[in-house]
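Trainee: One structure coming up, written as structure tokens, with questions to follow.
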Amino acid sequence: MNETEFSQYCDDLMLAVEESIDNSGEDIDYETSAGVLTLTIEANGSKVIISRQPAIAQIWVAAKSGGYYFNFLELNHGEGNWICTTTDETLGKLLKRVCKEQQGGSITFDIDS
């Protein structure tokens, strides 16, 4: 994946995360700045931070439970999933888990293939 493709994947991913939150009805705010998407759980002010790392083509997630690194695993001609290097969870499943752990409710993130 070249840098342009990576940037487009990340833009689409961040938008899909935002839409999932908007459609969830959960009390989670988000803010995007310089390629970093910060989710704020309103119940307790905790944060989940999603950032892009273009130099190594990874997505990083920081949550109370730790830091997670994701590589893109292509399935079919541009379709695929971001897979955690330590837990083997997809990005959508990990975000659902960490948001629930941080009292953000149960959100299904529509970002996995």
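Trainee: Can you give me the Cα centroid spacing of the stretch 75-113 and the stretch 23-67 in angstrom?
Mentor: 12
Trainee: So, one more: What distance in nm separates the two pseudo spin-label positions at Glu18 and Val36, each 7 Å out from Cα along the beta-carbon direction?
Mentor: With each label placed 7 Å out from Cα toward Cβ, I get 1.7 nm.
Trainee: Still on this model: If you average the sequence gap of Cα pairs under 8 Å that are 6 or more apart and divide by the length of the stretch 21-101, what percent do you get for the contact order? Please report the intermediate quantities before stating the final value.
Mentor: Working: 122 pairs, mean separation 12.6, N = 81.
Averaging sequence separation for qualifying contacts and normalising by length gives 16 percent for the stretch 21-101.
Trainee: A further question follows. Starting from the coordinates of the alpha-carbon atoms of the chain, obtain the Kirkwood hydrodynamic radius over all distinct pairs and give the value in Å to one decimal.
Mentor: Values: mean 1/r = 0.0711 Å⁻¹.
For the chain, the Kirkwood estimate is 14.1 Å.
Trainee: Only four residue types carry charge here, +1 at the Cβ of Lys and Arg and -1 at the Cβ of Asp and Glu. Report the dipole size of the chain about the Cα centre in Debye, rounded to the nearest 20. Each step should come with its number before you reach the end.
Mentor: On the way: 7 positive and 19 negative charges, 107 e Å.
With only Lys, Arg, Asp and Glu charged at Cβ, the dipole is about 520 debye.
Trainee: Also, I was wondering about something else. Helix 91-101 versus the longest principal axis of the chain: what angle, 0 to 90°, nearest 10, using Cα atoms?
Mentor: Helix 91-101 sits roughly 20 degrees off the main axis of the chain.
Trainee: Where does helix 3-24 land angle-wise versus the long Cα axis of the chain, in degrees 0 to 90, nearest 10?
Mentor: For helix 3-24, the angle is close to 30 degrees.
Any read-out appearing in this document is the output of simple, stated calculations on the displayed coordinates, not a laboratory observation. Because the structure is a prediction, the values reported are computed rather than measured. As a convention, Cβ positions derive from the backbone with ideal geometry for all residues, glycine included, and neighbour counts pool all protein chains shown.
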